[in-house]
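The structure appears right after this line, and notes come after that.
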Amino acid sequence: MEGLKLSMEGIEVAYNSDIVVLNDVAVTGRPGEVTGIIGPNGAGKSTVLKTFFGLLRPRKGSITLGDQDITRQKAFQRALEGIAFVPQHRSVFADLSVRDNLLLGCWPFRRDKKRVARAIESVFDEFPVLAERPNAAASSLSGGQQRFLEIARALVIDPKVILLDEPTAMIAPKISKEIYALTRSLADRGATILLVDQNVRSCAEIADRLYILELGRNKAEGTREDFASDDKLREMVSEWMNYKIDA
């Protein structure tokens, strides 16, 4: 995988034109790194990912992918540029088979049959649990297997950037560990990963850099080592999560 730097600067996003949910927010994801975005409920974390993917359009600020300004691009254009998004809530097509769900992820290059075949084979190699049931309806999968299917569908485009919104929410601990290990592995292979997570401990264990948001604003940022060594940064986390990030 070959990641690209993804950045937002001075971003302001509002719902219904007057409810500001992001105010002058700046976040950057880098190739080969997991960038964790943490904060209390309502901080605007998921809104950051939706804005990165083009589901929400900012009133102010800019978004860049590598050297390209993509602020006005629509979501499907950003997908074509190599940005994949796995939302928090279930997004499988329940009545379709595992294979057909994956084929829908191949839509941007659907006419290239050889590439489609390679992409499907590649994700089946990555997710043996899906390869065992290619014709099973997605609705018949367990919650953890459905989450794997969502991630696999995002990977068929060989993305440069992967946006993960609470990937382990409502998932069994054993599967959650596998998802975190996969997330770290994808970054180690070169992808740019932005991870929104309420599980500060697990996020801090795999993240290279952390951003804290509060009430739609940047509150703090730094490397994992910064958060482990700086008393003020540790206090920011512990005051709303009662959790200490250790070195």
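Within the range 63-98, the set of residues being open to solvent by less than 90 Å² (accessible area, probe 1.4 Å) and farther than 27 Å from Val48 by Cβ comprises Ala94, Leu96, Ser97, Val98.
On the stretch given as the range 96-120, residues that are assigned to a loop (DSSP other than H, G, I, E, B) and modelled with pLDDT under 95 total 4.
A quick yes/no check of all residues on (1) more than 14 Å from the chain's Cα centre (by Cα); (2) charged (D, E, K, R):
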residue	(1), (2)
Ile37	no, no
Gly42	yes, no
Thr47	no, no
Leu56	yes, no
Thr64	yes, no
Gln73	yes, no
Arg99	yes, yes
Leu103	yes, no
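A residue that is touching a Phe, Trp or Tyr at 6+ places or on another chain (Cβ under 6 Å) and modelled with pLDDT under 95 occurs somewhere in the range 193-200. For the range 113-120, the condition holds for at least one residue, the condition being that it is free of Cβ contacts under 8 Å to residues at least 12 places away in the same chain, open to solvent by 10 Å² or more (accessible area, probe 1.4 Å) and within 25 Å of Leu65 (Cα to Cα).
Among the residues in the range 109-119, are any under 25 Å from Ala75 (Cα atoms), within 18 Å of the chain's Cα centre (by Cα) and of a type in the set (A, V, I, L, M, F, W, C)? Within the range 109-119, not a single residue is under 25 Å from Ala75 (Cα atoms), within 18 Å of the chain's Cα centre (by Cα) and of a type in the set (A, V, I, L, M, F, W, C).
Counting only residues that are modelled with pLDDT under 95, in contact with a strand residue (DSSP E or B) (Cβ under 6 Å, 6 or more places away or on another chain) and open to solvent by 30 Å² or more (accessible area, probe 1.4 Å), the range 31-58 holds 0 of them.
The values are calculated or read from the model by the stated rules, or taken from the named source; none is laboratory data. On a predicted model such as this, the values are computed, not experimentally measured, just so you know. Here Cβ is always computed from backbone atoms with ideal geometry, including for glycine, and neighbour counts include all displayed protein chains. Just the protein is used for accessible areas: all its heavy atoms, side chains included, with ligands, DNA and RNA removed. Shrake-Rupley method; radii C 1.70, N 1.55, O 1.52, S 1.80 Å.
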